[in-house]
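Notes for the one structure printed next.
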Amino acid sequence: MSTTEEILAEARSRAPGQPYAGAVTPAEAFKLLQSDPRVKLVDVRTTAERDWVGRPALPEGQHAAVQWSLYPGGAPNPDFASQLASVAGRDDVLLFLCRSGVRSRNAARVATEIGYPNAFDILEGFEGDRDAEGHRKTVSGWCKAGLPWVGA
């Protein structure tokens, strides 16, 4: 079994030159959340996505919801920084999650820029990529990895 330090070292190696600390797989994210109290998952999907699609099933205190963009319309969340500050400490290891891995990279970048040095992207996101029929949760992501989640 890998230790927190080994997982984070591997995550850092996946994102050379990126403006955030690194990138973890969904399975690595879950392992980190189970083994290290400094680790927190930050779900940056909209409230509507979490309510309608589902969310990781994690104990209270291990996760937070801070929208990257607002629904409806997709406007950037003007309160992202202050909302993040209300749920995360500067020394926390923050794992950012979105639907498929795009918003989470942006959130990890901005978190790093505003003073969170341990901001990581969760690769593949919650639902992952679309399959040939256009459905998600079947190709990649938190759900496809068989990690615990609760549906809408």
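Residues that are surrounded by 21 or more Cβ atoms within 10 Å (Cβ to Cβ) and modelled with pLDDT of 95 or more: does the range 127-139 have at least one?
The answer is yes; a qualifying residue exists.
Given the structure, is V24 in contact (Cβ under 8 Å) with a residue 40 or more places away in the chain, farther than 15 Å from F120 by Cα and among the β-branched types (V, I, T)?
Taking the combined requirement at face value, the residue does not satisfy it.
Counting just the residues of the range 9-18 that are touching a strand residue (DSSP E or B) at 6+ places or on another chain (Cβ under 6 Å) and closer than 13 Å to N118 by Cβ, which one comes out surrounded by the most Cβ atoms within 10 Å (Cβ to Cβ)?
Per the stated criteria, the residue is A11.
Inside the range 60-87, can you point out the residues that are over 25 Å from G115 (Cβ atoms) and either touching a helix residue (DSSP H, G or I) at 6+ places or on another chain (Cβ under 9 Å) or hydroxyl-bearing (S, T, Y) (or both)?
Y71, P72
Looking for whichever is in contact with a Ser or Thr (Cβ under 8 Å, 6 or more places away or on another chain), buried (at least 17 other Cβ atoms within 10 Å of the Cβ), at pLDDT 95 or above and among the small types (G, A, S) here; the options are A21, A29. Which one fits?
A21
Return yes when L58 is modelled with pLDDT of 95 or more and not in a loop (DSSP other than H, G, I, E, B) and no when it is not.
So L58 fails the test.
Any idea which of (1) part of a loop (DSSP other than H, G, I, E, B); (2) free of Cβ contacts under 8 Å to residues at least 40 places away in the same chain is the one Q18 doesn't satisfy?
(2)
Name the residues in the range 72-102 that are in contact with a Gly (Cβ under 8 Å, 6 or more places away or on another chain) and crowded, with 17+ Cβ neighbours inside 10 Å, would you?
Of everything in the range 72-102, those that are in contact with a Gly (Cβ under 8 Å, 6 or more places away or on another chain) and crowded, with 17+ Cβ neighbours inside 10 Å turn out to be L97, C98, R99, S100, G101.
The values are calculated or read from the model by the stated rules, or taken from the named source; none is laboratory data. What you see is a predicted model, and the numbers here were worked out from it, not measured in a lab. FYI the Cβ positions are ideal-geometry reconstructions off the backbone, even for glycines, and counts take in every protein chain you see.
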